[in-house]
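Chemist: Input: one structure, supplied below.
A short reminder: the numbers here are calculations on the coordinates, not readings from a lab. Quick caveat, the model's predicted, so the values are computed rather than measured. We place every Cβ from the backbone using ideal geometry, glycine too, and count neighbours over all the protein chains shown.
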Amino acid sequence: MCQTCGCGDAALVPVELHERILAENEKTARHNREHFVGAGVLAVNVMGSPGSGKTALLEATARGAAAKGWRLGAVSADLATDHDARRLAAAGIPSRSITTGQACHLDAELVHRALHDFPWREADVFFIENVGNLVCPAIYDLGQAANVAVLSVTEGEDKPLKYPVMFQAVDLVVVTKCDLVPHLDVDLAKLHDALARVMPAPRAIELSAKTGQGVDAWLAWLEEQRAPFAAAEGAPAHGHGHGHGRGHGPGGHEHG
Amino acid sequence: MHEYSLIQALISRVEDEARRRGATRVHAIRVRLGALSGVEPDLFTSAWELARAGTGCAEAALRLERVEAVWSCPRCKKVFAPGDVLRCADCREPAALNDGADALTLDQVELEVP
């Protein structure tokens, strides 16, 4: 009751909360991250426009990963169809599709559900191929260790300037379809300049899934990200335990 | 458009708080939105208008507090102009972002408690 004048009206009570609106998602993401880290699995969130070459990048990764002795796994999100997951499976990557219906992004709960009854723990590197979209996926933590944006040379050099939230959120930009550069008016120097204006520490790899250009650099980057996980596991790439929260994940590797 | 799902999460959080405190009405809520939060304030507001009908927030005012994104050098504190390369030309340090630039925060609810 109003204590000021005794009028009997309800009192207005201000309650300070200061809570992230995505707190629920972030809680589930932390849970996913504990699973991934505990099982020694490097989880990579792969984002980019529709048609930027996310699936082709993963197909090219499968070809190189065999030589490294890595096992891969993936979940692949689309509004409709499981075409991408089928492509990945055909490339030798055990995959599951997540059909998001109307949702324009993956959230931590969708990823968590997809992990059930799926042998993700067998993977050394686990890709979460997000919905093709340069806007919404950027703000949803999924529990990944690293974020990658895939940007094709056909999309225009100023894409990073138009979508700063996405590019600022990623650890690496993979510039795809570089075999097309001679046929286009694209200036890669301009693209790198645009990245430097939205990312304080820009890192980019120029790649062509078709010719294999840049695939070695991409695999080396993955290996670098994997190092803390591999060390935590005690070197050999396989035979992950199932224990959660073993507490020796990659220190200080929280992103976004 | 993820603004709608954010608003749904926001409304259910506010309803919980109102219920917990025995409030009869939610009078207002205050939300902080950073320029790099990935949320478009206009879309956020229209999603709010659409979603709040019939909920515990039906009569609540939404107050948005917007936070600009400002990049600066962590060493010499020089502030970068919008569109600059995000590395300090003098110190060679990568730029750092101000607190709140990516905020997407429910700061306060104002409840009517009998």
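Chemist: Only one residue in A:78, A:82 is surrounded by 15 or more Cβ atoms within 10 Å (Cβ to Cβ) and in contact (Cβ under 8 Å) with a residue 24 or more places away in the chain, so which one is that?
Modeler: A:78
Chemist: Scan segment B:73-87 and give yes if some residue there is more than 7 Å from chain A (Cβ to nearest Cβ) and under 17 Å from residue A:19 (Cβ atoms), otherwise no.
Modeler: Checking segment B:73-87: not a single residue is more than 7 Å from chain A (Cβ to nearest Cβ) and under 17 Å from residue A:19 (Cβ atoms).
Chemist: Consider residue A:71 carefully, then state whether it is closer than 24 Å to residue A:208 by Cβ and of a type in the set (Lys, Arg).
Modeler: no
Chemist: Counting only residues that are of a type outside the set (D, E, K, R) and farther than 29 Å from residue B:99 by Cβ, which one in segment B:19-50 is farthest from the other protein chains (Cβ to nearest Cβ)?
Modeler: B:50
Chemist: Of the residues that make up segment B:37-52, is at least one of a type outside the set (Gly, Ala, Ser), touching an Asp or Glu at 6+ places or on another chain (Cβ under 7 Å), over 14 Å from residue B:3 (Cα atoms) and surrounded by 14 or more Cβ atoms within 10 Å (Cβ to Cβ)? Outline the logic, then answer.
Modeler: Taking segment B:37-52 and keeping what is of a type outside the set (Gly, Ala, Ser), we get B:39-45, B:48-50, B:52.
When the remaining residues are screened for being touching an Asp or Glu at 6+ places or on another chain (Cβ under 7 Å), the result is B:39-40, B:43-44.
When the remaining residues are screened for being over 14 Å from residue B:3 (Cα atoms), the result is none.
No, there is no match, as no residue in segment B:37-52 is of a type outside the set (Gly, Ala, Ser), touching an Asp or Glu at 6+ places or on another chain (Cβ under 7 Å), over 14 Å from residue B:3 (Cα atoms) and surrounded by 14 or more Cβ atoms within 10 Å (Cβ to Cβ).
Chemist: I've got another one for you. Name the single residue that is farthest from the chain's Cα centre (by Cα) among those in segment A:106-117 being surrounded by fewer than 17 Cβ atoms within 10 Å (Cβ to Cβ) and assigned to a loop (DSSP other than H, G, I, E, B).
Modeler: A:117
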